[in-house]
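Let me begin by presenting the structure, written as structure tokens, before commenting on it.
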Amino acid sequence: MVDFLQAASRLRKRIDPLSLQFRLTVGITAVSILGLGSLAALTSWQMYQTLVNSHRQGAVNIIERFPRDVTLYTEMVPLEVGLKKAIDNLATPNLFIWVNRSDGTVLAQSETLKGPYMNIPAQLMAGLEMPSQPLVATVNERYLILSSSPLKAKGKILGQLNVAQDITSDQVQLMIMVRNLGIICISVIIAITVVIALYVERSLQPLRQMSQMAAAISANDLGQVQMHLEHPPSEVKELAQTFNTMLLRLSAAWEQQRQFVGNVSHELRTPLTIVHGYLQSTLRRGGNLTEPQREALQIASSEANRTIRLLQDLLELARADSGIMHFQLKPLVLNDLVVEVVGMAKQFSDQEIIIDAAPFLVEVIADENRLKQVLLNLIANALKYSDPSQPVTVMFIQTDEEVIIQVSDRGQGIPLQQQTRIFERFYRVDEARARSSNRSSLDLSGGYGLGLSIVKTLVEGMGGRVAVRSKVGEGSMFTVTLPAQSPNP
Ligand code: ADP
């Protein structure tokens, strides 16, 4: 029972009423039900008509023949005997013949009417309510073809000739045939539905393949991916070709944009570095500057510095996008590296940074400078988005084949729906909140929403992954996982 319920719920999940597969299957099935149903109904009706018409014709034949027989017999024997002989001549087990006078008394009747087999109601026996044209009637739950006609012989009306033929067994046979026809139709419709569902599913396979391929395309492999489908229908083939052309155009546009960002960042970085240098030397040597002038120069210098870092970040991402970012992966002692990075971060902030180190040496395989940049970015964010009175913790451990580094803070946290987006370029949780953050004391990050996308690019470039767990008001924990040098001791 449980299995059946589970299978039913799985089937319900697989059936999507809005899908093309569902609509085509239902449409074609409805047409086959209509077609086969009408064919079955028409065939049944025609079989019934053929049955009834042949019996009606039999009754008509008897009514036509009977007066001739009576005339022949009455030339040799008295009328009543002649009538009886003519009736016996025609009688069969399912046929009832009787002749009655106009007052209703029966002149002669077939033997079949005498036995218990058939009880014709008195009304009919008296000739009342007998139809002049053959018709089907239900008498005592049996189907009869009833017909009657005035009996004329030797120019005289002798009475009324009544004929009743029992067609119940033929009718039952017909019902069985109609029922079998119905069962066959339903089975054929079920088989057609299954075959059509499978056929439609197969026909839509190239579309599904296309959608899977399209979902796997990232900005980086726009130029390399082309849709190659197995035996696609012409329409899907055409769609795939159009899609391929679009991919090439997108790739060219994307490449152009990447080059543009790279070139602009490169061209702007040099003059800005010179400007920053001049501002710094003016500040150093400007003993006769007034306080407002010094403050203005300091703001200009710090903004120039911030913009230089933004350009560096952009250059870094442009390099990663075009695949020319090279990583020098080698075994590093993480314990030393973390101490060094934390020392660097402490130069820019008085906030407490706790190192929760493993009691043994942890060796990670990474690019030294890139890993430092990753940790510096994460620690900078932790300091930036938490209260100066709250400590930031850097913890690392080694599992079987991996090294896990966690940077946690007890800061403002990140809302759940934004946790997947913070690794996107230029994405900031709350522009106002981020800009007003503790920036002056912390010159570690550009503050343009690029820091975490660089972290992700670098970590993934070193064969690792980065994730976040955060709760608003309680703090955030960023986890970097990288390959370990040697198995866990
Ligand atoms: P930004 O330069 O703005 O810090 P990032 O890419 O480093 O850019 O971070 C993106 C956004 O993620 C930030 O604007 C901030 O809102 C959020 N964020 C990053 N780190 C933390 C953290 N430790 N605590 C709370 N929010 C964070």
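The values are calculated or read from the model by the stated rules, or taken from the named source; none is laboratory data. As the structure is a prediction and not an experimental result, all values here were calculated from the model. Backbone-built Cβ (ideal geometry, glycine too); neighbour counts: all protein chains shown. Quick note on the areas: whole protein, heavy atoms, side chains included, nothing else; ligands and nucleic acids left out. Shrake-Rupley method; radii C 1.70, N 1.55, O 1.52, S 1.80 Å.
So the values come out like this:
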read-out: Members of the stretch 150-198 that are under 48 Å from the mean Cα position of the chain (by Cα), loosely packed, with under 14 Cβ neighbours inside 10 Å and among the hydroxyl-bearing types (Ser, Thr, Tyr); value: 187
read-out: Given (1) within 16 Å of the ligand (Cβ to nearest atom); (2) modelled with pLDDT of 90 or more; (3) in contact with a Ser or Thr (Cβ under 8 Å, 6 or more places away or on another chain), index of the condition residue 356 fails; value: (1)
read-out: Filter result for residue 426 (part of a loop (DSSP other than H, G, I, E, B), away from the ligand (no atom under 16 Å from the Cβ) and surrounded by fewer than 17 Cβ atoms within 10 Å (Cβ to Cβ)); value: no
read-out: The stretch 453-489: number of residues that are modelled with pLDDT under 95 and either within 7 Å of the ligand (Cβ to nearest atom) or aromatic (Phe, Trp, Tyr) (or both); value: 1
read-out: Pair list, Cβ < 7 Å and 6+ apart or interchain, from the stretch 40-58 residues that are on the phi < 0 side of the Ramachandran plot to residues that are open to solvent by 70 Å² or more (accessible area, probe 1.4 Å) and among the hydrophobic types (A, V, I, L, M, F, W, C); value: 47/177
read-out: Check on residue 380, open to solvent by less than 50 Å² (accessible area, probe 1.4 Å), within 16 Å of the ligand (Cβ to nearest atom), closer than 21 Å to residue 467 by Cβ and outside any strand (DSSP E or B); value: yes
read-out: Qualifying residue in the stretch 198-220 (condition: of a type in the set (D, E, K, R), at pLDDT 90 or above and over 30 Å from residue 43 (Cα atoms)); value: no
read-out: Residue 327 vs. criteria open to solvent by 70 Å² or more (accessible area, probe 1.4 Å) and modelled with pLDDT under 95; value: no
read-out: Filter pass, residue 272 being surrounded by 11 or more Cβ atoms within 10 Å (Cβ to Cβ) and assigned to a helix (DSSP H, G or I); value: yes
